[in-house]
Amino acid sequence: MELILPPGVTLGQFDRALAAFRTVVGDEWVLDTDQDRTTYMDAYALGDGHSHVASAAVAPANVEEVQALVRLANEHGIPLWPVGRGKNLGYGHASPRVSGTVVMDLGRMNKIIDVDEKFAHALIEPGVGFFDLYNHLKDNNIPLWMSVPGNAWGSVIGNALERGIGYTPFGDHTDTLCGMEVVLPQGELIRTGMGAMAGNKAWQHYQHGFGPDWAQMFVQSNFGVVTKAGLWMQPEPEMSAVVQIHLPKFEDIGWAVDALAELRRRDVIQHNVVFGNYLHDASVFSQRSDWYDGPGAIPDDVSQQIIDHYGIGWWTMTLRLFGYEGTVKSHMQVMRDLIEPKLGKPLEFKEWRQGDPIENSARGIPTVLPLQIVNWHGGRGGHMGFSPVMPPDGTLALKQASKMKSRFEEFGLDYYTSFTMGRRHISNVNLLIYNRDDEDMITRSRALFKTLIKDSAEAGYAEYRTHPEFMGDISATFDFNDHALWRLNERLKDALDPKGIMAPGKNGITAKWQREA
């Protein structure tokens, strides 16, 4: 991949900056070959990905090196794009919003600094992945459970900072963060919450501090580099139970959302629930050509063939219960009373108790199997998520699903969707699955994404997370009072990062000189 310089930076300026970076991390950890630049490109990009290309990467080993690199970046005017492990697949991988930005790869900072079994928390660095933490707990017989996302290849901290989710009571990953250490855009080091007091013993116990709580400022922002974070985990329960439910009809999403939302509000269900359509199974265990090789979206009769073959429903959801045995048993009965009359058959729970094989439990176990979906069309596969946030209302969910399905069919793409239920909301996660080598499919996918942004804004919904290509489009939909929130973010950016060196353009936020340019 040929060199693309950062905006406004000369080749001489760039070379001097990399030479300065080498004095901090050594020659080995300044990565500026064509192969390096290709490595940090988005593996799932719509098309060739050349609109979001790093000029180089630099990999610090500790917080002191992060501080030194940030100061040098200011001195030389070189923008940085921090990533934990660079596995944010479907949301840009490790590629920067603005081409020419230098990726700051924090993967070498992978220490599990502390795990406190009694109080169920850990202190970790951003290079710690889900498999790393899971294996640490398992290998050391620590009776704590962690939450993992569907694709568990990435960084625990990085996923939490992007508002990623899992499927246990600690599945809202941002909410599990407790106490951060952050390098600000000019190199100053701070700690949030109780960590702002040197030697404070409650840093991982209490999420706030004294005065304003700035922790959320570093979530989905470009206001700093998180170099450590506390993480709350779940003490191993006495019992868990799991049941998978198949809803046979497209229209069943309506009553199911209403029923499960009620159980979620009352904490009978304590985890994020995913209602996924039949393609969740078909795209992992088969390819599209096994079922249909014609033009346009998969016809409904072929969809039914897939459903019948796998013995699944139009929608499938998995419910999990955790806690003391008496509590789990009583909640199982509550679920039966509410769901079985609608379903027309009994719920079949798989029960687990301490001492049973852990694979039979509802514990979060890392996997990358869901990434198999990118092989659905063949070629160089990719996917991208469009995920507006909605009220947890069954009528609205059915209306949304009908609208999304018709849009996917209009653009000739297979309708892969799910509704993920949180505490008081649902996220409608629509995945565009495509073959990057099919230029027409890429054109249609990009056009569909733009249309979905417009449709959702008109319906009163917005995304909570998006790919770098669409960050400006999504931030523009938050338009209350002439985009007052956007303007506030820009004022903060100008105060903290006047040279705009920290992740320029992330979620639509840029420094003043970049906006003017």
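The values are calculated or read from the model by the stated rules, or taken from the named source; none is laboratory data. Predicted, not measured: the structure shown is a model, and the values here were computed from it. Don't worry about glycine lacking a Cβ; one is built from the backbone with ideal geometry, like all the others, and counts go over all protein chains shown. Only protein heavy atoms, including side chains, enter the accessible area calculation; ligands, DNA and RNA are left aside. Shrake-Rupley method; radii C 1.70, N 1.55, O 1.52, S 1.80 Å.
Among 74-81, 95-102, 14-21, 108-115, the peptide with the highest mean count of other Cβ atoms within 10 Å heads the list, and the full ranking is 95-102, 74-81, 14-21, 108-115. Our helix-only sum for the chain, with -39,500 (n - 2.57) per DSSP H run of n ≥ 4 divided by its residues, gives a mean residue ellipticity at 222 nm of -10000 deg cm²/dmol.
Computed from phi, the 3J(HN,Hα) profile of segment 405-421 under the Karplus parametrisation 6.51, -1.76, 1.60 (θ = phi - 60°) reads 4, 5, 5, 4, 5, 4, 9, x, 10, 5, 7, 9, 8, 7, 10, 9, 8 Hz, with x in place of Gly and Pro. Between the alpha-carbon centres of segment 237-260 and segment 1-68 there is a gap of 46 Å. Rolled with a 1.4 Å probe across the full set of protein chains, the surface gives Ile142 an accessible area near 30 Å².
Modelled spin-label separation between Ala202 and Tyr324, with each label point placed 7 Å from Cα along the Cα-to-Cβ direction: 2.7 nm. Assuming charge only on the beta carbon of Lys and Arg (+1) and of Asp and Glu (-1), the dipole of segment 278-413 about its Cα centre is about 400 debye to the nearest 20. By the rule of a C-alpha distance below 27 Å, with chain neighbours fewer than 8 residues away ignored, the lysines paired with Lys399 are Lys249, Lys342, Lys345, Lys450, Lys454.
Computed on protein heavy atoms with a 1.4 Å probe, the accessible areas place Lys87, Lys345 in the order Lys345, Lys87, largest first. Name the residues whose placed amide hydrogens come within less than 5 Å of the amide hydrogen of Ser95, ignoring near sequence neighbours (fewer than 5 apart) on the same chain. Under 5 Å from the amide H of Ser95: Asp42. Shown in residue order for segment 496-507 are the 3J(HN,Hα) couplings computed by the Karplus curve 6.51 cos²θ - 1.76 cosθ + 1.60 at θ = phi - 60°: 8, 9, x, 8, x, 8, 9, 6, x, x, 4, 6 Hz (x for Gly and Pro).
Summary of packing: across the peptides 54-60, 479-485, the per-residue average of other C-beta atoms within 10 Å ranks them, highest first, as 54-60, 479-485.
Among the listed values (1) 38, 29, 21; (2) 36, 26, 26; (3) 44, 30, 22, the one computed from these coordinates for semi-axes √(5λ) of the Cα gyration tensor in Å is (1).
Under the simplified labelling scheme, the Leu488-Gln13 pair shows an inter-label distance of 3.3 nm, with each label point 7 Å from Cα along Cα→Cβ.
For the peptides 411-417, 426-432, the ranking by mean Cβ contacts within 10 Å, running from highest to lowest, is 426-432, 411-417. Legend: residues Phe478, Phe349, Phe130, sorted from most to least accessible area (1.4 Å probe; ligands, DNA and RNA excluded), read Phe478, Phe349, Phe130. Stretching the chain fully between Arg380 and Ile365 yields a gain of 2.6 nm (0.36 nm per residue, less the alpha carbon separation). Split the accessible area of the chain by element, probe 1.4 Å, and carbon with sulfur accounts for 51%.
Val63 contributes about 10 Å² of solvent-accessible surface, heavy atoms of the protein only, 1.4 Å probe. Given a 1.4 Å probe and the protein chains as shown, Thr227 ends up with an accessible area of around 0 Å². Along its first, second and third principal axes, ordered by size, segment 362-517 spans 45, 40, 38 Å in Cα coordinates.
In order along segment 360-377, the phi-based Karplus estimate (6.51 cos²θ - 1.76 cosθ + 1.60, θ = phi - 60°) of 3J(HN,Hα) comes to 8, 8, 9, 5, x, 10, x, 7, 10, 3, x, 5, 4, 4, 6, 8, 4, 9 Hz; Gly and Pro are listed as x. Ordered by 1.4 Å accessible area with all protein chains kept, Asp213, Asp455, Asp172 run largest first as Asp213, Asp172, Asp455.
Once the 1.4 Å probe is applied to the protein heavy atoms, the chain comes out at 42 Å² accessible per residue. Scanning residues 5 or more positions from Phe478 or on other chains, none has an amide H under 5 Å from its amide H, with H placed 1.01 Å from N in the peptide plane.
Taking the Cα centre of the chain as reference, the dipole from Cβ charges on Lys and Arg (+1) and Asp and Glu (-1) amounts to some 980 debye.
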